[in-house]
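These notes are about the structure you will find just below.
The values are calculated or read from the model by the stated rules, or taken from the named source; none is laboratory data. Treat the numbers as computed from the prediction; the structure is a model and nothing was measured. Counting neighbours? That spans all protein chains shown, and the Cβs are built from the backbone with ideal geometry, glycine included. We work out accessible area using only protein heavy atoms, side chains counted, and drop any ligands, DNA or RNA first. Shrake-Rupley method; radii C 1.70, N 1.55, O 1.52, S 1.80 Å.
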Amino acid sequence: MLHFARFVAIRAAMAVVTLVIVSFIVFSLMELVPGDCAERYLAFKNTQGSAISVADIEAERVRLGLDKPFLTRWVIWITNAFQGDFGESCILRLNISRLLGDKFLLSLGICLTALALAYAIALPVGIISATSSSRLLNNTLRLVSYLGLALPNFLLALIIMLFATVMWGESLTGLFSKEFRDAPWSWERVADFLKHAWLPIFILGWSATAFAIQTVRALMSDEIGKLYVTAARARGVAGRRLLWRYPARHALGPIINSLGFDLNRIFNELPVVALILTLTEAGSLLIEALARSNDQQLAGAIIFLLTGSIVAVNFATDVILALTDPRVRRSILG
Amino acid sequence: MTRLLDVENLTLQFDTDEGRITAVDGVSFSLEQGEVLGLVGESGSGKSVTAKSLMKLNPGNAIYGPQTRIALHLDDGSVDIMSLRTSSELQLVRGGAISMIFQEPMASFAPAITIGKQMVEQLLIHTDMSKKQARELSIEMLARVGISDASRRFDQYAFELSGGMRQRAMIAMALSTRPRLLIADEPTTALDVTIQAQVIELMKDLVAEFGMAIIFITHDLGVIAQTADTVAVMYLGRLVERGPVREVLRSPGHPYTRGLLEALPDLEDLDRPLTPVPGDIPSPLERPSGCVFHTRCQVAIEGLCRREVPQFVDLDEHHRAACHLVARERGAA
Ligand SMILES: Nc1ncnc2c1ncn2[C@@H]1O[C@H](COP(=O)(O)OP(=O)(O)OP(=O)(O)O)[C@@H](O)[C@H]1O
Ligand code: SF4
Ligand SMILES: [Mg+2]
């Protein structure tokens, strides 16, 4: 038990170190964007008609702490970031945490649900298709997963939206109906959210499922071909007991390992899907932040949060993996 | 002696992407109780698939010939192995009356299940022991094959054991159900020479103790000479020679067997040049007509060997070879 606690502590420390390194990279990237927050805000003010002088910019720099050396600013940023405070958006001058509000959690929830659904489907389907010799089943699955892999998400989103508009005259965009958009959380709001959220979950889950089926199928086929399975069969182990105790049990580790990659891929697809469905969640906020207004503070915060989620998922899968793999378990439990 | 196994006309083909290949072609042999049969032949000659046929262990793309008969004679009657279908019927030959040890001791244990759990699982399938009894017997078997600290090893995983220890554990597991026939498919190839000798010694002891028959598969005629009572030589899916081990090794009849022996170093005459069997093994997709060995045989008879399949002829009471040349010499004698 002590060993296990130490293992978890070490992994957690490694995750934090990873995050610190990531934060450094993100922070450096934020610096590389030409111009700083003070300039940008004031330039923005300028276009609104207020006359701004160089002295004003300097004063603003001091106010934002931008005159401090790079490393000092990074340390301040990262210390606050770990406490959930990302400062203010450059342009909007609003607290980023408040700006993001539930948006980040909602989008994280959508991504994780898509991932969970993908594996809920892929595990049985992948296992059955790896063990079945039915040509029909395997060819059908192959077709479906090619469709899943080849059909870009944005196209799928557009097709569904078009279909919905023609059929029901509803565009299916957004995460909330108008009346709930800024309302406080209530059961009705939750219901409204779920009514809207199935579409992005479906679209993100679509290709994720196709990928996951391929992963599970390949890993299972791999295990089934191994000698220990033949050896178990030669000892009289058969049927479902053979399937679950031997290849399925042993494919579990690599499958858990692939979760992190899959989440990463879903995150990558999120912005485009979000943009098309005009979801005002973190993904599209990121694109907005980068493209429309060069808001490096906001973009940095979102990238940091997304990476943080991936690091967290990898940490969780690492711990689960350690518990399922006897080699690792032996070395940490003694 | 009592008959244990009769294999008649075993023919086995595989459906592959390149077409249907013949892996075993009309192989017949029998085995007495307690007999140790050495099955030799170059890589790809069909030794493993022949052995797996006895447990119907070949994968789904395997097609057995309609003439194939495999009969296992047990105390309470004979079993037609080819007619076994359901997994509960097959249990009899899979770990019950027949057990198998594989070449790779590491790969034949499931990596994430302890050795003990795999042993107990097998005993629970094949006997009506309780878990506790199965555990006790397993530990006893591990100790019997020379694994020290057996009760600790019982709870370990294959990766925690050395190569020789793993193969010992594999033997313990295979013997725990007291099979009538043990198939050992190159059980010592993956081990280094000293360990090899120890494992072979152990197997010889156990045969005597358990009174079971063994089919010992190997490329190594030296190992055969040490362990087997009889030897069967396979080439490209055909049995080419069979007989008592001394006779076959001293006076081989088939040119292929002779070739295998000439490729072995001779401790009495170390100056004798080693001559491997010349030529390459033909692809299984292009099986030679007539005698399958004619593409590599240096004494092939023009016009005959390429066209006609040689039948078995007796060289001695139990010693037979399938070769036109042997038949001619016998006929002339
Ligand atoms: N599942 C399979 N599908 C297709 N062909 C197979 C299959 N299993 C075996 N074969 C083929 O059958 C032939 C005999 O194989 P087998 O494994 O019995 O050879 P072997 O004598 O045991 O050789 P080795 O000494 O290398 O173990 C080979 O040509 C092999 O490629
Ligand atoms: S039958 Fe002919 S080709 Fe075959 S081994 Fe005998 S002599 Fe050689
Ligand atoms: Mg083999």
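The set of residues from the stretch A:29-44 being without any contact (Cβ under 8 Å) to a residue 12 or more places away in the chain and either among the acidic types (Asp, Glu) or open to solvent by 70 Å² or more (accessible area, probe 1.4 Å) (or both) comprises A:Leu32, A:Pro34.
The single condition among (1) in the same structural domain as A:Trp185 (by TED's automatic domain parsing); (2) free of Cβ contacts under 8 Å to residues at least 12 places away in the same chain that A:Cys111 does not satisfy is (2). Taken together, the residues in the stretch B:130-151 that are within 13 Å of chain A (Cβ to nearest Cβ) and within 18 Å of A:Arg330 (Cα to Cα) amount to 0. Scanning the stretch B:299-324 for residues that are within 21 Å of B:Arg250 (Cβ to Cβ), of a type outside the set (Asp, Glu) and assigned to a loop (DSSP other than H, G, I, E, B) gives B:Val299, B:Leu315, B:His318, B:His319, B:Cys323. Before we move on, is B:Gly19 away from chain A (no Cβ under 14 Å) and on the phi > 0 side of the Ramachandran plot? So B:Gly19 fits the description; yes. Among the residues of the stretch B:143-160, which ones are open to solvent by less than 40 Å² (accessible area, probe 1.4 Å) and over 10 Å from B:Ile115 (Cα atoms)? If the condition is that a residue be open to solvent by less than 40 Å² (accessible area, probe 1.4 Å) and over 10 Å from B:Ile115 (Cα atoms), then B:Val145, B:Ile147, B:Ala150 are the ones that fit. For the stretch A:243-250, indicate whether the set of residues that are under 30 Å from B:Arg178 (Cα atoms) and open to solvent by less than 10 Å² (accessible area, probe 1.4 Å) is non-empty. Yes, some residue in the stretch A:243-250 is under 30 Å from B:Arg178 (Cα atoms) and open to solvent by less than 10 Å² (accessible area, probe 1.4 Å). Taking (1) at pLDDT 80 or above; (2) among the small types (Gly, Ala, Ser); (3) assigned by TED's automatic domain parsing to the domain that holds A:Arg73 in turn, A:Ser89 satisfies each apart from (1).
If I filter the stretch B:61-81 for residues that are of a type outside the set (Gly, Ala, Ser) and within 16 Å of ligand 3 (Cβ to nearest atom), do I get at least one hit? No, the stretch B:61-81 contains no residue that is of a type outside the set (Gly, Ala, Ser) and within 16 Å of ligand 3 (Cβ to nearest atom). Confirm whether B:Phe14 is of a type in the set (Phe, Trp, Tyr), more than 10 Å from ligand 1 (Cβ to nearest atom) and open to solvent by less than 60 Å² (accessible area, probe 1.4 Å). In short, no. Based on what the data block shows, is A:Ile128 in contact (Cβ under 8 Å) with a residue 24 or more places away in the chain, on the phi < 0 side of the Ramachandran plot and in the same structural domain as A:Ala274 (by TED's automatic domain parsing)? Criteria not met by A:Ile128. For B:Arg287, the requirement of being under 23 Å from B:Glu247 (Cα atoms) and more than 16 Å from ligand 3 (Cβ to nearest atom) is not met. Tell me, yes or no, whether the stretch B:55-77 has at least one residue that is on the phi > 0 side of the Ramachandran plot, open to solvent by 30 Å² or more (accessible area, probe 1.4 Å), within 15 Å of ligand 1 (Cβ to nearest atom) and basic (Lys, Arg). The answer is yes, given that some residue of the stretch B:55-77 is on the phi > 0 side of the Ramachandran plot, open to solvent by 30 Å² or more (accessible area, probe 1.4 Å), within 15 Å of ligand 1 (Cβ to nearest atom) and basic (Lys, Arg).
Here are B:Gly290, B:Gly259, B:Gly279: which of them is near ligand 2 (Cβ under 9 Å from one of its atoms), small (Gly, Ala, Ser) and either within 14 Å of chain A (Cβ to nearest Cβ) or closer than 26 Å to B:Leu12 by Cβ (or both)? Give the derivation first.
Numbers: B:Gly259 fails: near ligand 2 (Cβ under 9 Å from one of its atoms); B:Gly279 fails: near ligand 2 (Cβ under 9 Å from one of its atoms).
Sole residue among the options that is near ligand 2 (Cβ under 9 Å from one of its atoms), small (Gly, Ala, Ser) and either within 14 Å of chain A (Cβ to nearest Cβ) or closer than 26 Å to B:Leu12 by Cβ (or both): B:Gly290.
The set of residues in the stretch A:229-242 being β-branched (Val, Ile, Thr) and surrounded by fewer than 23 Cβ atoms within 10 Å (Cβ to Cβ) consists of A:Val229, A:Thr230.
Yes or no: B:Pro66 assigned to a loop (DSSP other than H, G, I, E, B), more than 10 Å from chain A (Cβ to nearest Cβ) and without any contact (Cβ under 8 Å) to a residue 60 or more places away in the chain? Taking the combined requirement at face value, the residue satisfies it. All conditions but one from (1) away from chain A (no Cβ under 14 Å); (2) free of Cβ contacts under 8 Å to residues at least 60 places away in the same chain; (3) open to solvent by 30 Å² or more (accessible area, probe 1.4 Å); (4) within 20 Å of the chain's Cα centre (by Cα) apply to B:Lys52; the one that does not is (1). Restricting attention to the stretch B:78-104 and to residues that are within 11 Å of another protein chain (Cβ to nearest Cβ) and in a loop (DSSP other than H, G, I, E, B), the residue that is surrounded by the fewest Cβ atoms within 10 Å (Cβ to Cβ) turns out to be B:Thr86. Just one of the listed residues (A:Val229, A:Val237) is within 30 Å of B:Leu90 (Cα to Cα), part of a loop (DSSP other than H, G, I, E, B) and either modelled with pLDDT of 90 or more or not assigned by TED's automatic domain parsing to the domain that holds A:Thr324 (or both), namely A:Val237.
Residues considered: B:Ile183, B:Ile147, B:Ile195. Of these, the only one that is closer than 30 Å to B:Asp76 by Cβ and either modelled with pLDDT of 90 or more or more than 16 Å from ligand 1 (Cβ to nearest atom) (or both) is B:Ile183.
In the stretch B:237-252 there is no residue that is within 30 Å of B:Leu12 (Cα to Cα), within 14 Å of another protein chain (Cβ to nearest Cβ) and within 16 Å of ligand 3 (Cβ to nearest atom). Would you check which residues across the stretch B:105-127 are assigned to a helix (DSSP H, G or I), in contact with a Ser or Thr (Cβ under 8 Å, 6 or more places away or on another chain) and facing chain A (nearest Cβ under 7 Å) and list them? Selection gives B:Gln122, B:His126.
Residue-by-condition table, conditions (1) within 25 Å of the chain's Cα centre (by Cα); (2) within 15 Å of ligand 2 (Cβ to nearest atom):
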{"site": "B:His219", "(1), (2)": "yes, no"}
{"site": "B:Ala225", "(1), (2)": "yes, no"}
{"site": "B:Arg242", "(1), (2)": "yes, yes"}
{"site": "B:Glu247", "(1), (2)": "yes, no"}
{"site": "B:Pro265", "(1), (2)": "yes, no"}
{"site": "B:Cys305", "(1), (2)": "no, yes"}
{"site": "B:Glu308", "(1), (2)": "no, yes"}
{"site": "B:Asp314", "(1), (2)": "yes, no"}
{"site": "B:His324", "(1), (2)": "no, yes"}
